[in-house]
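Only one structure is covered here, and it is reproduced in the block below.
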Amino acid sequence: MLNAIRQAKADQPILLTRGDAVIGSLTPMLPTERNAQLAARWRNENREAYSSWVTATPESALAWLRGFHEREDRILFLVQDEYANPVGHFGAVILDADEGLAEIVSAVRGSPDAPPGFFYVVYHTVTQWLFRHAGARTVVACALDSNPKPTRVMARCGYRVVGADHVRLVQSGDTATWTKISNGRLDHKDRLMIQLECTQLLPRNDE
């Protein structure tokens, strides 16, 4: 599985297709100043997509991108449309190579200009890549119940809900992290973190 990550970081872009048409691409999101500015802006504008909330800066985003680039167990793709405009990023992490377990992380639609159904293609393509090329047998993901669209998109790909945890936003310094609540009374600001799992990818349905 790790070889697939290394190869993807050095190989040609993964094309996003709809029928015979190329509608975009996935390329490794390298730790450059331009990408750091994009990542910082997207993180600040799409908090619900992350398990921790922090006001990102280009400097902190650059360090975050370096983590994806330098670690051999993960990759962050820059999602581009057919005109090479950046519209988001999408990550994958190998949790357990021996067990064939991978996770979808940091899936963010950063631009409203992405056409309808575009990120369904992204989810399906990355999940398919993890199964076919990285050797994954199970792909997991999570999403807040207050951000239901990713859950609906993943269900179309074959992900199923396997659990949910009550979580609370816990502040520590400049970072607030969604943390599991094991006991105690729930607050109206608490959320559910939905756990999803895919062991068999559904055929593409672009309708």
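Are there any pairs, at least 6 apart or on different chains, whose C-beta atoms fall under 6 Å, with the first in region 180-193 and closer than 23 Å to V161 by Cα and the second part of a loop (DSSP other than H, G, I, E, B) and of a type in the set (A, V, I, L, M, F, W, C), and if so, which? Cβ pairs passing all conditions: none.
Filtering region 10-42 to residues that are in a helix (DSSP H, G or I) and at pLDDT below 95 leaves only A10. Among the residues of region 136-195, those that are of a type in the set (S, T, N, Q) and either at positive phi or modelled with pLDDT under 95 (or both) comprise S146, N147, Q171, S172, T175, T177, T179, S182, N183. Taking residues in region 94-111 that are without any contact (Cβ under 8 Å) to a residue 60 or more places away in the chain, and partners anywhere that are aromatic (F, W, Y), the pairs with Cβ atoms closer than 6 Å and at least 6 places apart or on different chains are A107/F90. All of D174, D190, D145 fail the test of being over 18 Å from S106 (Cα atoms) and touching a strand residue (DSSP E or B) at 6+ places or on another chain (Cβ under 6 Å), apart from D190. Of all the listed residues (T32, T57, T27), the sole one being closer than 26 Å to A176 by Cβ and either β-branched (V, I, T) or touching a Gly at 6+ places or on another chain (Cβ under 6 Å) (or both) is T57. Kindly provide the set of residues from region 92-118 that are closer than 16 Å to C157 by Cβ and either in a strand (DSSP E or B) or modelled with pLDDT of 95 or more (or both), ordered by number. Passing the criteria: A92, A102, E103, I104, V105, A107, R109, F118.
Residues in region 143-175 that are under 21 Å from S52 (Cβ atoms), touching a helix residue (DSSP H, G or I) at 6+ places or on another chain (Cβ under 9 Å) and in a strand (DSSP E or B): A143, L144. Of the listed requirements (1) on the phi > 0 side of the Ramachandran plot; (2) of a type outside the set (V, I, T); (3) more than 14 Å from the chain's Cα centre (by Cα), S106 misses just one: (3).
The values are calculated or read from the model by the stated rules, or taken from the named source; none is laboratory data. Note that this is a predicted model, so its numbers are computed, not measured. Using ideal geometry, Cβ is built from the backbone for each residue, glycine included, and neighbour counts are taken over all protein chains shown.
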